[in-house]
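S.K.: Got a structure for you, written out below as structure tokens; questions coming shortly.
The values are calculated or read from the model by the stated rules, or taken from the named source; none is laboratory data. These numbers come from a predicted model, not from an experiment. Note that each Cβ is placed from the backbone with ideal geometry, even for glycine, and that neighbours are counted across all protein chains shown. These area figures cover heavy atoms from the full protein model, side chains too; ligands, DNA and RNA do not enter into them. Shrake-Rupley method; radii C 1.70, N 1.55, O 1.52, S 1.80 Å.
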Amino acid sequence: QSLESLLLHDNLLERLPDSLSDLPQLQWLYVYNNKLQELPAGLGECSRRWSRLLVEANPLSAAAVGRLFASEAVGRLRVFGADEEQVSRWQASGMGANRQPPRNCAVGRMLPWGRLYAKLSPASRLSGSKGVPAAPSNGQAAKASEMLVVAFSASQGEPEWMGMLGQIVQPGARTVEDAQQRIVREPRQSFDELYSAVHGTSPQEDASSSSKAMSALWYEYCNSELPASGDACPQDGSRLQDFDVLCMCDSNAQWYYDTDSHKLDVESKLRDLVAGYRSVLFLGVSMGGFAALSYAHLADTVAVFGPQTDLTRSHLRPGFKPECLVAASRHLQDNVHRALCRGTRIEYHVAMEDHLLYARFLPLPRGSLIVHPTSGRIARVLERNGILVPLLIDLFAELQSSSKVRPIAASQALARQFSAEAFADARAWDWGDAGERSVTLAKWNIKGGISLVEARPSELALLMQETPCVGAWFCNACCHRNEEDKRCCDGCGADSRPQHKVGLVQPKAAPKVHQCMACGKQHETYSPRCVSCTGELEFTCVFCGKFGREADGRGEDVKLEWYCHPCWEKFDQHNRSMAAELPECWFVTGGQVWAWEADGGARQSGQIEFDRAGKLLTTWGIGSWTCKGEALEVTFGKPPEAYRLARSPSGFIATRLAPTTSGSAGGSSSAVAAPSARGRPVYGLPRQSGGVGGPFGRAIAFLVLLMRRNSQRTVFLAGLA
């Protein structure tokens, strides 16, 4: 009953148990490359968290496909994959005549490549755009353009990149000109110049201050104002032409490499396929990046993000024998050398963590290796900061341009410096080298772009001593690096926080919008579907800012906001704490937010929320609350005002307290006779008090809980902080 992910692909299954329809927590179901003709009735209907289903390469009956496409649960999926044969069978049967699959369904042709997931489709069919058929009416796959993008998936066994590659050819996608303005490759600033511009001195004068050096790379990002227009996509300009996408996934996790026990024969399969295209780009992250580099000699451009390059050193690697790890690594090095010889363009993005150490064992032309001044999974971090999309558009546009230049002279010049044997033993840099600026750093900006900075290897070694994670911040007074939760600097004690944290633009500067994956319309409030075209939305969590597949969760129907599952779980934990702190008659299952309705008093109408440890969040600022039997006393506002809240059948009655000097030395409060305000809970019914408590009150609370579970009731998430 608690099962969330079920990966049954590549198992020759002929039938799935009917009990799969009874999994309330199911999120992922991958059953591609089996022998299934039917699927369990009601699949996914009892799980509100179901978000991914892949059924490709199964001989599903036309009726099974029709039921799948008609399912409301399938219509809510974020990732849904079917193949052209399944769609054609459904259309030819008459049930799907003149009809198309759901707009959230990514349809493509499955290549018969054994246990390799290999799905070929035009990028436009991955986006669910208006007017683009999900499958050709004749069941035959046609080339979308003269360009092919091969997207190698990482080791999780999940096909990647399809959603993003589909989005960048949407009518509302970023223009090529906008992407090129965001990704500034020339001119390149030296690290000396950047450091002097920020700190007024040279890095040689502060050679031991690694924190000061790193803060120079982040100063502009963390202290810049966002433009008034935000991150709106310009409508004027050229956009990418459609291109073909081959999404590949090695579900055996053998790094797309042939072993004695299992021959994948990736190279010969790719060679036959790419021969029909004018331009070819390989794309990959981690294990997928290893594959993209391993077959780089077949591509015009290779773009990788945090790949492994030496499996003998990598912390994540296949379960090969040691000699096979050496052979696979040498295979990659030899083919990268071959790619450089033929003039392939290689762009290698990496964060300042373990993957940077692997990058040192693969010499590349200057500017090909781009080091980002943060830690974490670099492709995901770039995506969250709006950098990945313009970066890909810029790379793709270069291949589609009539002015494309191949071979790349710098690649061939580097290749001529080494024989294949010498290349395998070479190093990209020496850590102690303080001479030549042979390392390229990325300097981010909050508009979702980067510029390039050239640095010496010795400067890179200094920077790595203070690598910040996303959310950290550098003190504007002393440049000390602080963790995300620090409100004052650990170095100097000052509250000198910049406007933005590393890789994390403040929420007030980045509105949380939900974008339609079909027409591009942005929605400021949660809606199950696009209000313009009923297309699927890419949701953004309004609390943590995650978006896309990272924001899987559910919406609420009071404030019409979307929250990801981790934030809902944090709220549930917070709510359990509040149930222990508040008197039973004050606890509201849906959340502790109450409307404050003034009765002509000093306070206007607003909201208050009871938080942990006596903290009160209000429209008028932070205050406090304490228990006085079954009543609560609250204090908030400037100047502070105190009220006693007494429960009523519909909420509470607030009576203002006037301070007196009698009693203890510290003074006390007494109630003013007339009530000052009334209140009611925002999120559901309160527990009953007084004569209607006991079993009846508990029954009401139980019914509220059922209502919340069944109708996705809203809760307030301010208590997550």
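S.K.: Per residue, how much accessible area does the chain show when a 1.4 Å probe rolls over the protein heavy atoms, in square angstrom?
M.R.: 42 Å²
S.K.: How would you rank 157-166, 3-12, highest first, on the average number of other Cβ atoms within 10 Å across their residues?
M.R.: Put in order of decreasing packing, that is 157-166, 3-12.
S.K.: Counting other Cβ atoms within 10 Å of each Cβ, which GluC sites (Glu not before Pro) in the range 516-568 have at most 14 and sit in a DSSP loop?
M.R.: Taking the range 516-568 and a limit of 14 other Cβ atoms within 10 Å, the loop GluC sites (Glu not before Pro) found are Glu524.
S.K.: Let me ask something additional. Can you give the FRET efficiency to the nearest 0.05 for Thr201 and Asp236, using r as the Cβ-Cβ distance and R₀ = 60 Å?
M.R.: It comes to 0.85.
S.K.: From the C-alpha gyration tensor of the range 147-203, pull out the three semi-axes of the equivalent ellipsoid (sqrt of 5λ each), sorted largest to smallest, in whole Å.
M.R.: 37, 19, 10
S.K.: State log₁₀ I(q)/I(0) for the range 432-488 at q = 0.26, 0.28 Å⁻¹ as given by the Debye formula over alpha-carbon point scatterers of equal weight, solvent excluded.
M.R.: -1.09, -1.11
S.K.: I'd like the antiparallel share, as a percent to the nearest 5, of DSSP beta bridges with both residues in the chain.
M.R.: Of those bridges, close to 60 percent are antiparallel.
S.K.: Which number do you get for Rg(Cα) / (2.2 N^0.38 Å) in the range 527-579?
M.R.: 1.26
S.K.: A further question follows. Highest mean first, what order results for 605-612, 438-445, 95-102 on Cβ atoms within 10 Å?
M.R.: With the highest mean Cβ count within 10 Å placed first, the list reads 438-445, 605-612, 95-102.
S.K.: Reported to two decimal places, what Rg/Rh ratio describes the range 1-54 when computed on Cα atoms with Rh from the Kirkwood expression?
M.R.: Rg/Rh: 0.94.
S.K.: Shape call for the range 410-563 from the C-alpha gyration tensor, a ≥ b ≥ c root eigenvalues: rounded (a/c under 1.5), prolate (a/b greater than b/c) or oblate?
M.R.: Note, shape of the range 410-563 comes out oblate.
S.K.: Oh, and also: Which value, in debye to the nearest 20, describes the size of the charge dipole of the chain about its Cα centre when Lys and Arg Cβ atoms bear +1, Asp and Glu Cβ atoms bear -1, and nothing else is charged?
M.R.: I would put it at about 1480 debye.
S.K.: A further question follows. Could you sort Asp236, Asp300 by accessible area so the largest value comes first, with the probe set to 1.4 Å?
M.R.: Largest to smallest exposure gives the sequence Asp236, Asp300.
S.K.: Let me ask something else. Relative to the present Cα-Cα distance, how much length would full extension add between Val326 and Lys521 at 0.36 nm per residue of separation?
M.R.: Computed gain between Val326 and Lys521 is 65.2 nm.
S.K.: What aspartates and glutamates could a cross-link reach from Lys263, if we take a straight Cα to Cα line under 18 Å and drop same-chain neighbours fewer than 8 places away?
M.R.: Straight-distance partners of Lys263: Asp10, Asp250, Asp272, Glu323.
S.K.: On a C-alpha basis, how far is the centre of the range 158-197 from the centre of the range 74-112 in Å? Whole number, if you could?
M.R.: If we compute the Cα centre of each part, the gap is 33 Å.
S.K.: Hey, another quick one. Find the centroid of the Cα atoms in the range 1-53 and in the range 444-471, then give the distance between the two in whole Å.
M.R.: Result: 44 Å between the Cα centres.
S.K.: Quick one: how many lysine pairs in the range 541-660 have C-alpha atoms under 23 angstrom apart, if they're 8 or more apart or on different chains?
M.R.: Lysine pairs meeting both conditions in the range 541-660 amount to 7.
S.K.: Hey, any idea what the orientation-averaged projected area of the convex hull of the range 374-435's Cα atoms comes to, in nm²?
M.R.: Over every viewing direction, the Cα hull of the range 374-435 projects on average to 7.3 nm².
S.K.: Extent of the chain along each principal axis, from alpha carbon coordinates, in Å, largest to smallest?
M.R.: Sorted largest first, the three principal extents are 93, 77, 52 Å.
S.K.: About its Cα centre, how strong a charge dipole does the range 445-515 have in debye, to the nearest 20, once Lys and Arg get +1 and Asp and Glu get -1 at the Cβ?
M.R.: That gives a dipole near 340 debye.
S.K.: To the nearest 10 degrees, how steeply does helix 210-222 sit against the main Cα axis of the chain, on a 0 to 90 scale?
M.R.: 80 degrees
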